[in-house]
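The values are calculated or read from the model by the stated rules, or taken from the named source; none is laboratory data. Bear in mind the structure is a predicted one, so any value in this text is a computation, not a measurement. Note that each Cβ is placed from the backbone with ideal geometry, even for glycine, and that neighbours are counted across all protein chains shown.
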Amino acid sequence: MTLHWRHEASDGRARAGVLHTAHGEVLTPVFMPVGTAGTVKGMTADGVRSTGARMVLGNTYHLMLRPGAERVARLGGLHALMDWHGPILTDSGGFQVMSLAALRKMDEDGVTFRSHVDGSKHRLTPERSIEIQHLLGADVTMCFDECTPFPATEEEAARSMRLSMRWAARSRAAFAPREGHGLFGIVQGSTFEALRAESVAALAAIGFEGYAIGGLAVGEGQAEMFRVLDFTTPLLPQDKARYLMGVGMPADLLGAVRRGVDMFDCVIPTRSGRMGRAYTSRGNLNLRNARHADDARPLDADCPCPACRRHSRAYIHHLLKCDEMLGPILLTWHNIHYYQDLMGRMRAAILQGRFEAEAAVIEADWTKGE
């Protein structure tokens, strides 16, 4: 059986389910820590597992440049290389290629680009992207697409989306079905309702194991993102997983689950940890702020992660001021744990039919502060 998602419960449009993969089951809604280059920055695989995370993300673009997809395959695949024995989703590289506008040239067949590492020339097509993800051993492979920049005119968004739909068909044809592995299509169309509907229809006609919503969290703002989700998620197949790419802040996750999204990834919890920021049940903290220098309290009294159980805000502040690597490590560990706890709270509430009540508690705690 190929990878599939099983619906368990709904509460409003919020959904709980189970994603069945070659490397285990994943309870949804789920947040996937980002391991772009084969590592969740600052964390061992055991550390990531200890947060409750069961699925991580890797990236085609970065891994094809270093250490190389063929090398990863020779070394046993990405699971073995990074000691991650749970499911892995790999981004196709489309977003990174879009972000390197000055270094790439795009045509109907694919993209030619210069490496940001050493300037070497590379070619990425739908077929090559799928091949790389196969070599990496991804449980969930993503179609190669063009992530439409924001802002875009309706004409620009239509051209970009239709190119991505042609690439989606080529990605589907190139994908080799295997037990527990699957291919997700990516809905594009910027902020235009008719284009999003056209994209969903095109992808559904091709047929995928799951459907991602791309081209959001690229500068449009939360209100506009939610507006797009309001008209896009109801169009998606009810029996397949829905993945909102590159999102986001805790409030983004809550609002997107409310609108029927099942899967998320984002660099925010790890990047913020490296910058000295912590996400807690009572809002955000900047641990570089001098007010924490004498604060003996934990980051979050309700959190059981090692940063909160064993260390004070004062200690973490000290580590950051001294540029000690343990500071960002502890904050990253905490942030990933907090995100996993948030997803678990939402899932439990959906299963119990009290999602909106739990969401109200979460939102109220954020606004209370310390």
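Structure notes:
- Among residues of the range 60-79 that are assigned by TED's automatic domain parsing to the domain that holds residue 38 and in contact (Cβ under 8 Å) with a residue 60 or more places away in the chain, those with a beta-carbon under 7 Å from a residue that is surrounded by 14 or more Cβ atoms within 10 Å (Cβ to Cβ) and of a type in the set (Val, Ile, Thr) at least six positions away or on a different chain give the pairs 60/90; 60/132; 61/97; 63/72; 64/132; 69/132; 78/72; 78/88.
- Listed by first and then second residue, the pairs with beta-carbon distance under 7 Å, at least 6 apart or on different chains, first residue in the range 219-233 and touching a residue at least 12 places away in the same chain (Cβ under 8 Å), second among the small types (Gly, Ala, Ser), are 225/217; 226/255; 229/256; 233/260.
- Meets criteria (under 23 Å from residue 218 (Cβ atoms), out of contact with any Cys (no Cβ under 6 Å at 6 or more places or on another chain), in contact (Cβ under 8 Å) with a residue 40 or more places away in the chain and not aromatic (Phe, Trp, Tyr)) for residue 107: no
- Selection status of residue 182, touching a residue at least 12 places away in the same chain (Cβ under 8 Å) and within 30 Å of residue 251 (Cα to Cα): yes
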